[in-house]
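The values are calculated or read from the model by the stated rules, or taken from the named source; none is laboratory data. This one's a predicted model, so the numbers in the text were calculated from it and none came from an experiment. Virtual Cβ from ideal backbone geometry, glycine too; neighbours counted across all protein chains shown.
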Amino acid sequence: MAIVTPLKTAAEQVLAQQFANVKAELPGGGAVRKLREDAFAGFEAKGLPHRRLESWRYTDLRMILREAKPLAGSAAVTPAVRERLAALKLDGTRLVLVDGAFAAELSTLEALPEGVSVNGLADALVSQRDDLTRILSGPSVSADDSGLMLNTALMRDGVMVEIAEGTELDAPIAIVSLTSGSEERAIFSRSVVLAGKGVKATIVDINESVGPAAAQINNAIVFETGDESEVQHVRIVTRQQPESVQVLSLLATVGAQAKFDSFALVCKAGTVRQQNFVRYAGEHTEIGLRGVNLLGGTEHCDVTLVMDHEVPHGTSRELYKTIVGGEGTGVFQGKVIVRPQAQKVDGSMKSNALLLNDGATMFNKPELEIFADDVVCGHGATVAQIDGEQLFYLMARGLPRPQAEALVLQAFAGEAVEFVAEESLRELIMSEIEAWLGERRDSAVVSAI
Amino acid sequence: MLEIKNLVVKIADEDKQILNGLNLTVNAGEVAAIMGPNGSGKSTLSYVIAGKEDYEVLDGEILLNGENVLEMEADARAAAGIFLAFQYPLEIPGVATMTFLKAAMNAQRRARGEAELLTPDFIKQVNAAADKLSINRDMLRRPLNVGFSGGEKKRMEILQMALLAPSMCILDETDSGLDIDALRIVADGVNALRDKNRGFLVITHYQRLLDHIIPDTVHVMAKGRIVKSGGKELALELEKSGYAAYAEAA
């Protein structure tokens, strides 16, 4: 049998060099060091994810990452960073990462709510807690993803939030990841949220850039939420350079009789791969994954989900709304796994896309892997154009075409936003959506003139 | 007010001609009824007047107060005073009815160069009009037409007509799907808007609606043209004799 030795791409060679150079200085004790070494060995064996891997079929990272940018070092707290933070007007706790590094001086650590403790991930990695390896590893279905392996090998910092059993937070905790964008950099960061039994909390996860240089971002967020907890994760990815590339992993392990919801808005964000790996660790748990992706130009957004029903009586709801204009590309790959013992699972997965013009593309690939025989699982995937009947109805009431289109699109996207419980966050998301639609509408008006 | 001259229309993507040289005039203050069998082109006529894109006008013109509207998009026609009450009003999930009403009213005001409505004035107007049509406040907060019954949807059309105050109102089979009580509410709503400056074109299959909205003129449509015109007594005659004779005449 012939042994095939894959040729390394230029980027893979640079990454190997970078790992060799920095591994001694990356934070972490012996166990973390081993985790990094193993992860990088795994990455080297597989290389950057590419289109021949089913899970990366529509996002060929090997092609997209022609070169690996230099690794970001310490946080570059530029005036633009401070300006953006001031403009964000977030209530409650604010934890700031700049270029992947935890910026304690920009965070509101002095006023943490009772029951909440926060550490920089770099500090947490060198601590002696014995559950670090388990926490960082996340659900087993994420184990062979080489994008995530790269994150594990090279993660430099981030934030670790621990919320003590029984804590019910009034206001969201925001993790704001800003890219300074003064130079082209590669950023590897990871954040962890550990929510104890019965915790009620909302975590806002904002990812933006404030400078002109495009970044390569590989960011993971890990949730471990306890029994009877109710945790909502709201992610907004926007204001990135068109050439930026982001791999955003969500690793969630959710306890029994709990609720976990994650919503993500992606707009004006360049190339984005979101991969959500979710594990039901206890029975009678409800998990919802939803999102809105607004794409134009040559933007690309891939949402890949793996829901792992390991135990009976799990409920899962996925709803993704994608609007694609320009030469943009949307991808939805949703996989629901129901293991043999996981009876009485109730799953429903939907991905709806609207294509605004001929150059736009959408790939929809729902998958159900069901090994139990008493389950209710369904999926629906649609790709369509704006409904001409709805448009005519609105125009017949006097709305000019661009405004009528914007209203139809807003309504389309809004269906997924309704599931965000916190009103102020719904408003924030809708204002981003309206701004995107407004820009599109205004450019339509200009071209009509 | 509305003059339609020799209108010839086909479906845009098909070789199917629907209107074959239709002539019709509706004067200000007049309620004109159009009756006719299925497939005679009644709904097509209403869509073409309102500016739906699925049709191609091969010949003729539609004049509103002397101005040809065929070159205008649907929104410009609405701002010029044309209103179509749909046979099947569309559901728009995610858009609250109030938001939609305000957007529509202000879009028309902007198109006419008028100032936008202040929110308190807007709410006052909507509530007053809604009360007359037995539309409750909860319906106004719901997404437009989503989950509304047939009768609720038709009342919502009349509410929009009242708020937008068009000069030429076209009602496409507004009686379909209505029970007697809903029919009465809708008819009362229409009658309240009758005015010497406003024209109505009421499209219907049945005499029933015309017992409640008494027309000034009745036109019989068959095979894409008007084949007979008369007074309100013509509707009663049709109810007895049926459309067959007219289909042959066309």
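Scan the range B:105-125 residue by residue and report those that are within 20 Å of B:V190 (Cα to Cα) and buried (at least 19 other Cβ atoms within 10 Å of the Cβ).
Selection gives B:M105 alone.
Which of the residues that make up the range B:106-121 are more than 8 Å from chain A (Cβ to nearest Cβ) and either among the charged types (D, E, K, R) or closer than 14 Å to A:R397 by Cβ (or both)?
Answer for the range B:106-121, where residues must be more than 8 Å from chain A (Cβ to nearest Cβ) and either among the charged types (D, E, K, R) or closer than 14 Å to A:R397 by Cβ (or both): B:N106, B:R109, B:R110, B:R112, B:E114, B:E116, B:D121.
Considering (1) in a strand (DSSP E or B); (2) more than 23 Å from A:P49 (Cβ to Cβ), say which one A:A220 fails and leave the rest.
For A:A220, the failing item is (2).
Given the conditions (1) farther than 30 Å from A:F43 by Cβ; (2) free of Cβ contacts under 8 Å to residues at least 40 places away in the same chain; (3) outside any strand (DSSP E or B), and given that A:A201 satisfies all but one, which numbered condition is not satisfied?
Of the numbered conditions (1) farther than 30 Å from A:F43 by Cβ; (2) free of Cβ contacts under 8 Å to residues at least 40 places away in the same chain; (3) outside any strand (DSSP E or B), the odd one out for A:A201 is (3).
Return yes when B:A32 is within 24 Å of B:G231 (Cβ to Cβ), under 17 Å from the mean Cα position of the chain (by Cα) and part of a strand (DSSP E or B) and no when it is not.
Criteria met by B:A32.
Can you say whether B:A130 is touching a residue at least 24 places away in the same chain (Cβ under 8 Å) and more than 13 Å from every other protein chain (Cβ to nearest Cβ), as far as the supplied structure shows?
When the stated conditions are applied, B:A130 passes them.
I need every pair where a residue in the range B:70-88 that is touching a residue at least 40 places away in the same chain (Cβ under 8 Å) and β-branched (V, I, T) has its Cβ under 8 Å from the Cβ of a residue that is part of a strand (DSSP E or B) and surrounded by fewer than 24 Cβ atoms within 10 Å (Cβ to Cβ), sequence separation at least 6 or different chains.
B:I82/B:L64; B:I82/B:M168
This table checks each residue for (1) surrounded by fewer than 24 Cβ atoms within 10 Å (Cβ to Cβ); (2) in a loop (DSSP other than H, G, I, E, B); (3) without any contact (Cβ under 8 Å) to a residue 24 or more places away in the chain; (4) of a type outside the set (S, T, Y).
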position: A:L265; (1), (2), (3), (4): no, no, no, yes
position: A:A269; (1), (2), (3), (4): no, yes, no, yes
position: A:R273; (1), (2), (3), (4): yes, no, no, yes
position: A:G288; (1), (2), (3), (4): yes, no, no, yes
position: A:T298; (1), (2), (3), (4): yes, yes, no, no
position: A:C301; (1), (2), (3), (4): no, no, no, yes
position: A:R317; (1), (2), (3), (4): yes, no, no, yes
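From the list B:L144, B:L101, B:L90, exactly one residue is touching a Pro at 6+ places or on another chain (Cβ under 9 Å), at the interface with chain A (Cβ under 10 Å from one of its Cβ atoms) and not hydroxyl-bearing (S, T, Y). Which is it? Full working, then the answer.
Values: B:L101 fails: touching a Pro at 6+ places or on another chain (Cβ under 9 Å); B:L90 fails: touching a Pro at 6+ places or on another chain (Cβ under 9 Å).
It is B:L144.
Would a scan of the range A:367-379 turn up a residue that is closer than 19 Å to A:A413 by Cβ and free of Cβ contacts under 8 Å to residues at least 60 places away in the same chain?
No: zero hits.
Being closer than 19 Å to A:P402 by Cα and without any contact (Cβ under 8 Å) to a residue 24 or more places away in the chain is the requirement here; does B:A103 meet it?
yes
For residues in the range A:212-243 being surrounded by fewer than 20 Cβ atoms within 10 Å (Cβ to Cβ) and polar (S, T, N, Q), which is nearest to A:E422 (Cα to Cα)?
In this case the residue turns out to be A:T238.
Any idea which of B:A80, B:A74 is crowded, with 18+ Cβ neighbours inside 10 Å and at the interface with chain A (Cβ under 8 Å from one of its Cβ atoms)? I'd like the intermediate steps shown before the answer.
Working: B:A80 fails: at the interface with chain A (Cβ under 8 Å from one of its Cβ atoms).
When all the criteria are applied, what remains is B:A74.
Which condition from (1) within 18 Å of A:A252 (Cβ to Cβ); (2) surrounded by 19 or more Cβ atoms within 10 Å (Cβ to Cβ); (3) at pLDDT 95 or above is the one that A:S107 breaks?
Just one mismatch for A:S107, condition (1).
Select from the range A:38-86 the residues that are assigned to a helix (DSSP H, G or I) and farther than 23 Å from A:L7 by Cβ and list them in ascending order.
Those that are assigned to a helix (DSSP H, G or I) and farther than 23 Å from A:L7 by Cβ: A:D38, A:P79, A:A80, A:V81, A:R82, A:E83, A:R84, A:L85, A:A86.
If you go through the range A:167-199 one residue at a time, how many are acidic (D, E) and touching a Gly at 6+ places or on another chain (Cβ under 6 Å)?
The qualifying residues number 0.
Looking only at the range B:52-73, filter to residues that are closer than 21 Å to B:A28 by Cα and of a type outside the set (V, I, T); which one of those is nearest to the chain's Cα centre (by Cα)?
B:L64
If a residue has to be part of a helix (DSSP H, G or I) and free of Cβ contacts under 8 Å to residues at least 40 places away in the same chain to count, how many in the range A:90-135 make the cut?
7
Give the number of residues within the range B:1-24 that are outside any loop (DSSP other than H, G, I, E, B), surrounded by fewer than 17 Cβ atoms within 10 Å (Cβ to Cβ) and of a type outside the set (K, R).
Selection size over the range B:1-24: 6.
Looking at (1) surrounded by fewer than 20 Cβ atoms within 10 Å (Cβ to Cβ); (2) without any contact (Cβ under 8 Å) to a residue 40 or more places away in the chain; (3) more than 14 Å from chain B (Cβ to nearest Cβ), which is the one condition that is false for A:V345?
Unmet for A:V345, out of (1) surrounded by fewer than 20 Cβ atoms within 10 Å (Cβ to Cβ); (2) without any contact (Cβ under 8 Å) to a residue 40 or more places away in the chain; (3) more than 14 Å from chain B (Cβ to nearest Cβ): (1).
Within the range B:193-208, is even one residue farther than 23 Å from B:S40 by Cβ and modelled with pLDDT under 90? Steps first, answer last, please.
First pass over the range B:193-208, keeping only residues farther than 23 Å from B:S40 by Cβ: B:193-198.
This time we only want the ones that are modelled with pLDDT under 90, so: none.
Within the range B:193-208 (the criterion being farther than 23 Å from B:S40 by Cβ and modelled with pLDDT under 90), the answer is no, since none of the residues qualifies.
Is one or more of the residues making up the range B:158-170 surrounded by 20 or more Cβ atoms within 10 Å (Cβ to Cβ), of a type outside the set (V, I, T) and at positive phi?
Looking through the range B:158-170, none of the residues is surrounded by 20 or more Cβ atoms within 10 Å (Cβ to Cβ), of a type outside the set (V, I, T) and at positive phi.
From B:G39, B:G60, grab the single residue that is more than 14 Å from chain A (Cβ to nearest Cβ) and modelled with pLDDT of 90 or more.
Exactly one residue qualifies, and that residue is B:G60.
So, of the residues in the range B:40-65 that are of a type in the set (D, E, K, R) and in a loop (DSSP other than H, G, I, E, B), which turns out to be farthest from B:S167 (Cα to Cα)?
Top of the filtered list is B:D54.
Quick check: is even one residue across the range A:56-76 farther than 22 Å from A:R273 by Cα and in contact with a helix residue (DSSP H, G or I) (Cβ under 9 Å, 6 or more places away or on another chain)? Give the derivation first.
Filtering the range A:56-76 down to residues farther than 22 Å from A:R273 by Cα leaves A:73-76.
Of the ones still in play, those that are also in contact with a helix residue (DSSP H, G or I) (Cβ under 9 Å, 6 or more places away or on another chain) are A:75.
Within the range A:56-76 (the criterion being farther than 22 Å from A:R273 by Cα and in contact with a helix residue (DSSP H, G or I) (Cβ under 9 Å, 6 or more places away or on another chain)), the answer is yes, since at least one residue qualifies.
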